[in-house]
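**Q** After the structure tokens below, expect a handful of questions from me.
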Amino acid sequence: MTAVISPDTHHDDAHEAHEHHGPTGVLKWLTTTDHKIIGLSYTVTAVLMLVIGGFFAELIRVQLSAPYEHFLSFAQYNEVFTMHGSIMIYLFAGPMAFGALANIIVPIQIGAPDMAFPRLNALSYWLYLTGSITMLSGFFVSGGAANFGWVGYAPLSNAANSPGAGADLWIGALLLTGFSAIFTGVNICATVFYLRAPGMTLFRMPIFTWNLLVTSILILLAFPVLTAGLIMLYCDRHFGTHIFSVQGGGVPVLWQHIFWFWGHPEVYILALPFFGMVTEIIPVFSRKPVFGYKGMVFATLTIAALSLGVWAHHMFTTGTVLLPFFSIMSLLIAVPTGIKLFNWIGSMWRGQIWFSAAMLFAIGFVITFLIGGLTGIYLASPPLDFFTHDTYFVVAHFHSVVMALVMGGIAGLYYWGPKITGYLLNETIGKIQFWFLFIGSQVFTLPLYILGLRGMPRRMAVYPNNPGWQHLNEIATFGAVLIGISTVLFVVNILVSWKKYPAGDNPWDGHTLEWFTTSPPPHHNFYRLPQIRSERPTWDYNHPEAPALTHGTHEEK
Amino acid sequence: MKLEARILLVLGLFFAIMGTVYWIWSGENAGGMMIIAGGLLGFLPGSYYWWWSRRMPVRPEDRDGDVTEGAGFVGAFPGTSIFPFTLGAGAFFAVLSLVFGFWLMVPGLGLIVWAAIGGVAESRRGGTQ
Ligand code: HEM
Ligand SMILES: [Cu+2]
């Protein structure tokens, strides 16, 4: 199949026949290499994982709603919190960040007909799907699923302490999803480097695409380390090596170094794509260009660079790491993150804000992320971390952050969903869903901060009847119920709005190229393209009277 | 292309400096090694792009290119292909063989080899519809 792009000569041209004939039904799904269909498969799978992982979260919260509760056995509790964390990080947040909307939107935003390597892209999805099946199948083997936490610390994860197929399935699943991520990283880098439309200089790329480029570079830096570590772990478990065991002369804490060398960049691999989504949404619904475009790009690159030097802030209490180095680097990362927050507010400042559902979720993201980012700064200071490490304070910190990411992701689905499906979602249900999610997230995390400061340890199935603990846990569980209701509302909204509200090509008066093509875009994305002279070509085309943006001029000679 | 190269080279340089400082200051080998390796990931593709960017004309996407310059033939893209699925299924069996017994490697490798041959042959034909 050859891709042909025709320039925009006559705006009213009837769409020429550019139909794609191929298999239909299941065979189409199995054989497709179209980035939009692959991205849609990613989206559906990731949302399914969110629902499954969310179900486990509700089980955890029921267990913790009272001290000495017997809802789950200790063994079940360990499996449930391990699989909750593993599903959410490896199978939901990651693929949702760099596989779902990224796959669909990045090629369109730069005017490309597809990803650079369409078949590799399909392979990424199949590895993700089979990896997910592998991990979940742990529940069906004797001994049950993995139960050593989503971080798989040595020596708990060795053959003596975690015998059974569940642990090996966990390792195998991460091998598959790890390669899936690496291939996606390669693909996005190549697409952005080689398939941009004429005039689309790097500094005219939408911030979402920029963030995915940087995310992809981070994937290539981080994921191979995890994959190597998993192979070592497997060898320790089955081939008698002693890389992570003291008895054989190995070093258990080496696993933590390897894991977090992947693990901290991973949190930015999860975060940057959602930063990008919000950075697209806020300016569009404020009717302004993004505030501080180059500052945003610079902040993203700085975050990526620094994120390789902060991993051991997860290991402060091991007593074996260089505290000042990791503390300084972690505090430094707050600076570019702060620039981003400042620019999001700047983008809204004096804009004509349209409080659509997507915009509400984006604002909810900014507020919730601010809470998580600020408590991250507390944890980056070793004296404070010694006090709060392995308590619910840490759990609260990262749940503030990841609940923010969930809001960012849902903002993205409300914003770009119509582009892929051709139909809008119901705005009223969307807004109700937002308030449940936003209030639920705060009601869920804020008591956990207090519990952490009062010393409640994480990863415990039962807790003593200390004054106030039960009450705070009940509030947290109530918050979790609100979040659960918001998820149900999302599903309800999809069903209610099914093919009801046609979107048209450009429902939000968008800035970037995806709003120039049809909804859904044709095979190979474009019938025609506008001239690209700024970072908002579609807006320029639709508003010829507006003055051109100055920083859009290109510099490379 | 120059800018792409510069981004990777600057990242590589940053990791090289950070890695050296960390390694000397901490004396901890695993982390030092991993940051330096990260630097290489900046330098290798970065210097390759740099080398190329000096030997090719500035591309339309690196300047105020006109959309008409991108019109016409963009490249051959495979329309549909079963081989990514075959390869994925092969990898799935290969991983399951780590858990449930080595015999599963037989279907795993079989599918992988089939996909490799089939995929290459497909590319030679210039893709499919
Ligand atoms: C302002 C930037 C941030 C700083 C300074 C920061 C700092 C920290 C520190 C020091 C810890 C370790 C606490 C401990 O275990 O005692 C931690 C844990 C964690 N952070 Fe952050 N963080 C930041 C942003 C983020 C972001 C953006 C994410 C996710 C997208 C995130 C996710 C996590 C997770 C998942 C953990 C817990 C891992 C575990 O032990 O299970 N953080 N953070
Ligand atoms: Cu971290």
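**Q** Taking the solvent-accessible surface of protein heavy atoms with a 1.4 Å probe, what is the per residue accessible area of chain A in Å²?
**A** Result: 35 Å² of accessible area for each residue.
**Q** Treating only the Cβ atoms of Lys and Arg (+1) and Asp and Glu (-1) as charged, compute the dipole magnitude of the protein assembly as shown about its Cα centre; round to the nearest 20 debye.
**A** Computed charge dipole of the protein assembly as shown: roughly 360 debye.
**Q** If r is the Cβ-Cβ distance from B:Arg125 to A:Ala190 and R0 is 22 Å, what FRET efficiency results, to the nearest 0.05?
**A** 0.50
**Q** What part of the accessible area of segment B:83-125, given as a whole %, is carbon or sulfur when the probe is 1.4 angstrom?
**A** It is 81 percent, rounded to a whole number.
**Q** Take peptides A:148-161, B:79-92, A:116-129 and line them up by average Cβ neighbours within 10 Å, highest first, as a rough protection proxy.
**A** Highest-to-lowest ranking by the protection proxy: A:116-129, B:79-92, A:148-161.
**Q** Of A:Leu424, B:Leu44, which has the most accessible area and how do the rest follow, probe 1.4 Å?
**A** B:Leu44, A:Leu424
**Q** Here's a follow-up. Are there any helices in chain A, counted as whole DSSP H runs, that stretch 15 Å or more along their axis by Cα and score at least -1.0 on average by Kyte-Doolittle, and if so which?
**A** Helices meeting the criterion: A:35-63, A:74-86, A:118-136, A:165-194, A:207-238, A:252-286, A:293-306, A:323-348, A:357-379, A:392-421, A:427-453, A:469-496.
**Q** Taking all pairs of different Cα atoms in segment A:438-557, averaging 1/r and flipping that mean, what Kirkwood radius in angstroms comes out?
**A** It is 19.6 Å.
**Q** Using only the Cα atoms of segment B:83-125, what do you get for the radius of gyration and for Dmax, in Å?
**A** That works out to 11.2, 38 Å for Rg and Dmax.
**Q** Across peptide A:32-39, how many C-beta atoms of other chains are within 10 Å of each residue C-beta, on average?
**A** 2
**Q** Along the charge dipole of the protein assembly as shown, which of B:Phe100, A:Pro118, B:Met18 sits closest to the positive end, that is, farthest toward it, with unit charges on the beta carbon of Lys, Arg, Asp and Glu (+1, +1, -1, -1)?
**A** B:Met18
**Q** Considering only protein heavy atoms, what per residue accessible area in square angstrom results for chain B with a 1.4 angstrom probe?
**A** Spelled out: the 1.4 Å probe surface of chain B, per residue, equals 52 Å².
**Q** What does the structure give for A:118-128 when I average, per residue, the other chain Cβ atoms found within 10 Å of the residue Cβ?
**A** Across A:118-128, the average partner-chain Cβ count within 10 Å equals 6.
**Q** Return the inverse of the average 1/r over all pairs of distinct C-alpha atoms in chain B, which is the Kirkwood hydrodynamic radius, in Å to one decimal.
**A** It works out to 19.2 Å.
**Q** Write down the Kirkwood hydrodynamic radius of chain A, to one decimal in angstroms, obtained as one divided by the mean of 1/r over all alpha carbon pairs.
**A** Across chain A, the inverse of the average 1/r is 24.3 Å.
**Q** Using all alpha carbons of segment A:277-398, what is the percent of pairwise distances in each 5 Å bin, ordered from the shortest bin to the longest?
**A** Reading the bins upward from 0: 2, 11, 18, 19, 16, 12, 10, 7, 4, 1, 0.
**Q** What's the extension gain from A:Lys500 to A:Ser142 if we count 0.36 nm per residue and subtract their Cα-Cα distance?
**A** Answer, rounded to one decimal: 124.2 nm.
**Q** Got a number for carbon plus sulfur as a percent of segment A:33-542's accessible area, 1.4 Å probe?
**A** Exposed carbon and sulfur together represent 73 percent of the surface.
**Q** Using only protein heavy atoms and a 1.4 angstrom probe, determine the accessible area buried between A and B, summed over both sides, in Å² to the nearest 100.
**A** 6000
**Q** When Rg is the radius of gyration of the Cα atoms in segment A:103-191 and Rh is its Kirkwood radius, what does Rg/Rh come to?
**A** With Rg and the Kirkwood Rh in hand, the quotient comes to 1.15.
**Q** Could you pull out the pairs from A:Lys294/A:Lys500; A:Lys28/A:Lys294; A:Lys340/A:Lys500; A:Lys28/A:Lys419 whose alpha carbons sit more than 30 Å apart here?
**A** A:Lys294/A:Lys500; A:Lys28/A:Lys294; A:Lys340/A:Lys500
**Q** What is the set of long-range amide H partners of A:Tyr423 at a cut-off below 5 Å, with H atoms built 1.01 Å from backbone N?
**A** The list, which skips near neighbours in sequence, is A:Ala503.
**Q** Compute the Cα gyration tensor for segment A:222-318, then decide on rounded, prolate or oblate, letting a ≥ b ≥ c be the square roots of its eigenvalues: rounded whenever a/c is under 1.5, prolate when a/b is larger than b/c in the other cases, and oblate in all that remain.
**A** prolate
**Q** For a label point 7 Å from the Cα of A:Phe55 along Cα→C-beta, name the residues of segment A:72-98 whose backbone N is under 13 Å from it.
**A** Hits in segment A:72-98 for A:Phe55 at 13 Å: A:84.
**Q** Further, regarding this structure: So what is the relative contact order of chain B, in percent, for Cα pairs below 8 Å that sit 6 or more residues apart?
**A** Result for chain B is 23 percent.
**Q** Given R₀ = 30 Å, what would the calculated FRET efficiency be for B:Phe102 paired with B:Leu40, taking r from the Cβ atoms and rounding to 0.05?
**A** Result of the calculation: an efficiency of 0.30.
**Q** Between A:Val492 and A:His471, what FRET efficiency comes out of the Förster formula 1/(1 + (r/R0)^6) with R0 = 30 Å and r the beta carbon distance, rounded to 0.05?
**A** 0.40
**Q** Still on this structure: What does the highest-first list of B:29-40, A:94-105 look like by mean Cβ count within 10 Å?
**A** Packing order, densest peptide first, comes out as A:94-105, B:29-40.
**Q** Positive end of the charge dipole of segment A:33-542 (Lys, Arg +1 and Asp, Glu -1 on Cβ, about the Cα centre): tell me which of A:Phe355, A:Gly412, A:Leu272 has its Cα farthest that way.
**A** Of the listed residues, the answer is A:Phe355.
**Q** Only protein chains counted, 1.4 angstrom probe. Which residues of segment B:90-116 are at least 50 Å² less accessible in the assembly than when their chain is isolated?
**A** Those are B:Phe92, B:Val95, B:Leu98, B:Val99, which lose 50 Å² or more relative to the chain on its own.
**Q** Expected output is a single nm value to one decimal: the length gained when fully extending between A:Ser381 and A:Trp354, i.e. 0.36 nm times separation in residues minus the C-alpha distance. What is it?
**A** Full-extension gain reported as 5.8 nm.
**Q** Follow-up question, since we're still on this one. Counting only other chains, and only Cβ atoms inside 10 Å, what mean value do you get across the residues of A:190-202?
**A** Mean shielding count: 6.
**Q** Also, I was wondering about something else. Looking only at segment A:161-175, which residues have a backbone nitrogen under 17 Å from a spot 7 Å from the Cα of A:Phe74 in the C-beta direction?
**A** Answer for segment A:161-175: A:161-163.
**Q** Oh, and also: Could you sort A:263-270, A:44-51, A:410-417 so that the peptide with the highest average Cβ count within 10 Å comes first and the rest follow in order?
**A** Packing order, densest peptide first, comes out as A:410-417, A:263-270, A:44-51.
The values are calculated or read from the model by the stated rules, or taken from the named source; none is laboratory data. Quick caveat, the model's predicted, so the values are computed rather than measured. Cβ coordinates were reconstructed from backbone atoms using ideal geometry, including for glycine residues, and neighbour counts include every protein chain displayed. Note: areas computed on protein heavy atoms with side chains; ligands, DNA, RNA excluded. Shrake-Rupley method; radii C 1.70, N 1.55, O 1.52, S 1.80 Å.
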